[in-house]
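Notes follow the structure.
Each value in this text was obtained by applying a stated rule to the coordinates, not by laboratory testing. Remember, it's a predicted structure, so these values are computed and weren't measured experimentally. Counting neighbours? That spans all protein chains shown, and the Cβs are built from the backbone with ideal geometry, glycine included.
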Protein chains: 2
Amino acid sequence: MKQKLFTVGPVEMYPTTLKVGGEQLPYFRTQEFSDLVLGCERSILSLADAPQDSRAIFLAASGTGAMEAAVINSLTSSDRALIVVGGSFGERFCEICDDAEIPYDAIRLDPGTSLNPAILKSYDLGSYKALLVNAHETSTGVLYDIPRLGEVCRKYGLLFIVDAISAFLCDALSMKSMGIDMLITSSQKALALAPGLSIIVLSARAINIIEQAHVHSHYFGLKKYLLDGTRGQTPFTPAVGVLLQLSDRLRSLEKLGTYALVEQSAARANYFRNLVKDLPYKFFADHPSNALTALSPQNGHSAYDIYEILKDKYGFVVTPNGGKLKDIVFRVGHMGNITYEDLNALAVAIKEIV
Amino acid sequence: MKQKLFTVGPVEMYPTTLKVGGEQLPYFRTQEFSDLVLGCERSILSLADAPQDSRAIFLAASGTGAMEAAVINSLTSSDRALIVVGGSFGERFCEICDDAEIPYDAIRLDPGTSLNPAILKSYDLGSYKALLVNAHETSTGVLYDIPRLGEVCRKYGLLFIVDAISAFLCDALSMKSMGIDMLITSSQKALALAPGLSIIVLSARAINIIEQAHVHSHYFGLKKYLLDGTRGQTPFTPAVGVLLQLSDRLRSLEKLGTYALVEQSAARANYFRNLVKDLPYKFFADHPSNALTALSPQNGHSAYDIYEILKDKYGFVVTPNGGKLKDIVFRVGHMGNITYEDLNALAVAIKEIV
């Protein structure tokens with residue numbers, strides 16, 4: 001059965017992306033390839049609304065690799081981080097810090113709920129070097145109040161590290177106006193490319209910290225990437241194929257601009273939510289991202305069973321949850337090459353199952 | 001101008017690989033994808049001639065990431081490694097150990113020369129936990145005597161960690177008969193796929209060490225990969241597209257078997273070397289790998305200039321060297337979808353330049 005992906009990555013890819021994926025790859029230690037990478041960096045900086053003197057780094061790794069790189073290049077065992085934890089991707093920041101022996105405090109939230117800024121008052125905010133947050137906690141669909149958290153970071157001098165893996169181009173993010181120092185994203189989300197490429201956009205402050213850092217990982221030592229990146233190269237073989245797809249995709253995204261892309265995502269998310277709002281499902285996130293809609297069945301059905309029926313009977317692949325949320329939530333991704341007709345068809349199928 | 005790659009990765013890809021690269025990617029947290037990954041693991045174990053109870057791990061990273069993962073999962077700052085360094089990829093093992101603060105001694109060789117086993121007698125071999133070597137030092141074309149080094153490791157109880165990134169399927173390697181504990185390879189070499197996927201094949205001894213290890217990297221903590229790999233999954237989003245290409249490619253490679261593949265590579269390398277043996281070039285490696293031929297011009301020409309002329313005038317992309325060897329050596333890769341006609345045409349072009 002032909003499948004349609006309503007997943008959170010890989011997502012439905014665009015025809016030109018697939019075309020690039022089917023082409024012979026070039027050798028990459030050339031001026032032509034350097035120019036392509038430099039062009040990607042310029043576009044990404046623009047789409048992230050990055051402040052002057054920012055840089056973007058391209059890693060051959062999945063998003064978790066980029067999260068780890070961001071953390072270990074900015075924090076040491078002498079520092080302390082504050083981490084917002086509302087699901088498995090917040091936990092991932094904790095696990096990264098645990099393994100790297102970086103002290104932290106976690107603000108743990110009930111799954112599906114956003115952060116009440118009043119909670120922050122109970123923390124000695126001046127004692128932290130950095131605030132780590134997933135702009136969108138992808139496991140529950142919650143979008144945090146990044147502008148508000150940015151204000152807090154600015155006030156207390158915290159480095160603001162934002163995992164925007166699934167929020168980038170879906171939700172309104174501006175490094176400049178929100179004071180983001182490190183913005184992390186990945187190829188297989190709203191960019192709708194193959195997985196294997198992650199991107200970290202760095203403010204001048206973050207760059208300065210990286211340049212002073214003594215990092216124990218060779219592969220994730222970002223100083224080398226900054227240096228080689230000035231001439232459009234990477235210290236190690238990059239994900240050449242995904243970078244070619246990125247270059248192709250950025251040409252069309254850049255024309256639209258971040259604002260229009262976020263508007264599109266919001267319209268798509270709202271359209272789908274309207275289609276299903278009267279069905280026996282609860283919207284799981286109290287403050288949802290445009291990237292996906294997390295649905296919690298209210299009629300006794302298992303969320304995982306619904307995922308399986310949609311996949312096996314209709315060919316619609318939504319995203320199941322794991323762990324404690326397995327039977328409670330499934331997620332309908334809105335990223336990638338999806339049309340309103342696709343959303344209609346999915347909503348009809350969900351209605352039939354109910 | 002249409003280009004033909006005689007590079008060391010990415011290399012000329014096969015039509016079926018390109019076809020897979022142009023197809024929509026599936027969601028990967030499914031039984032279908034797990035089965036595909038388990039099938040890849042079985043084939044890789046077979047092609048590596050891995051001993052019983054070995055496992056293969058798939059990382060979304062370039063080869064250096066896999067080298068680092070192998071090192072930090074098996075060595076700590078209380079151990080000492082012995083590293084064979086005959087070029088920039090031997091140096092890379094040193095840099096990885098430097099950053100991870102793992103003590104080591106380096107056996108430094110003149111570029112282009114292989115290791116004389118007699119040298120080993122001057123080292124207190126029982127004092128090392130592991131021997132680290134690039135089976136093929138890709139920067140110079142030298143193939144080391146892996147069977148001999150394996151004997152030494154066996155005799156002194158050293159863990160034998162072999163970077164086979166560019167040797168796998170080109171040169172005769174058998175984990176079983178050569179006592180290799182960790183064999184590292186990468187997607188964009190003889191496998192002729194897109195870059196971004198690396199593989200580590202682990203002996204039972206290596207697995208046992210990994211399971212006891214306390215690793216400071218979350219992304220490269222291999223224990224998680226071993227655990228999730230038992231059901232064909234990875235802890236983080238894998239390079240889904242490259243894994244699909246791998247699965248496709250392994251189906252044809254497996255039919256041939258390692259022995260036939262190495263024979264093919266040897267025949268191709270010998271054919272090319274015969275074509276150019278009377279030209280004013282020195283074969284740079286005293287004991288060459290089948291993966292490539294490193295040529296050093298003897299008539300005063302700069303190797304880098306020849307690379308540029310071949311690329312710009314003929315569309316033949318050989319691999320230039322960097323650093324001190326930039327003007328001294330260029331490398332003609334023999335991996336991937338290259339025919340004898342291609343080698344003839346390249347040899348004619350090289351003759352014309354002379």
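Structure notes:
- Within the protein assembly as shown, percent of DSSP bridges classed antiparallel, to nearest 5: 55
- Mean Cα-pair separation over length for chain A, i.e. relative contact order, pairs under 8 Å, 6 or more apart, %: 25
- Here's how it looks for residue A:159: its modeled amide H is under 5 Å from those of A:130, A:131, which are all 5 or more places away or on a different chain.
- Global geometry of chain B, whether rounded, prolate or oblate, following the gyration tensor of its Cα atoms and the 1.5 cut on a/c: oblate
- Taking the DSSP bridge list for chain A and keeping only pairs wholly inside it, about 55 percent are antiparallel.
- Residue B:155 paired with residue B:341, simple spin-label distance in nm, labels 7 Å along Cα-to-beta-carbon: 5.1
- Along the stretch A:323-330 the Karplus relation, 6.51 cos²θ - 1.76 cosθ + 1.60 evaluated at θ = phi - 60°, assigns HN-Hα couplings of x, 5, 8, 3, 8, 9, 9, 10 Hz to successive residues, with x for each Gly and Pro.
- Amide H contacts of residue B:285: B:294, each under 5 Å away and 5 or more positions distant or on a separate chain (H built 1.01 Å from N in the peptide plane; Pro and chain starts excluded).
- Per-residue Karplus couplings for the stretch B:290-307, computed as 6.51 cos²θ - 1.76 cosθ + 1.60 with θ equal to phi - 60°, are listed in order as 7, 6, 7, 10, 8, 10, 10, x, 10, 10, x, 5, 7, 4, 5, 4, 5, 3 Hz, Gly and Pro entered as x.
- When chain A is treated as a GNM with alpha-carbon contacts under 10 Å, the residue of A:292, A:75, A:310 showing the greatest mean-square fluctuation is A:310.
- Taken residue by residue and averaged, Cβ atoms of other chains lying within 10 Å of the Cβ of A:241-254 number 2.
- GNM result for chain B, Cα springs below 10 Å: residue of B:30, B:293, B:17 fluctuating most strongly: B:30
- Each of A:150, A:122, B:106 was placed along the dipole of the protein assembly as shown (beta-carbon charges, centred on the mean Cα), and the one lying farthest toward the positive end is A:150.
- Residue exposure sequence - B:178, A:182, A:335 - by fewest surrounding Cβ within 10 Å: B:178, A:335, A:182
- Virtual spin-label span in nm between residue B:263 and residue A:259, 7 Å along Cα→Cβ: 6.7
- Distant-in-sequence amide H partners of residue B:83 (H built 1.01 Å from N, under 5 Å): B:105, B:106, B:107, B:132
- Within straight-line cross-link reach of residue A:155, lysines at Cα separation under 16 Å, skipping those fewer than 8 residues along the same chain: A:121, A:129, A:176
- Extension gain for residue A:116 to residue A:228 (0.36 nm times residue separation, less C-alpha to C-alpha distance): 36.2 nm.
- Pairs beyond 19 Å (Cα-Cα), from A:2/A:313; A:189/A:351; B:277/B:351; A:4/A:282: A:189/A:351; A:4/A:282
- The length gained on full extension between residue A:46 and residue A:279, counted as 0.36 nm times the residue separation minus their Cα-Cα distance, comes to 79.9 nm.
- GNM flexibility winner over chain A from A:126, A:229, A:179 (Cα, springs under 10 Å): A:126
- Per residue of B:184-194, other chain Cβ atoms within 10 Å of the residue Cβ number 2 on average.
- Each of residue A:270 and residue B:299 was given a label point 7 Å from its Cα along the Cα-to-Cβ line. The distance between the two points is 7.2 nm.
- Exercise: per-residue mean of other protein chain Cβ atoms within 10 Å, A:212-218: 5
- Anchor residue A:224: lysines whose Cα lies under 21 Å away (excluding residues fewer than 8 positions away in-chain): B:324, B:326
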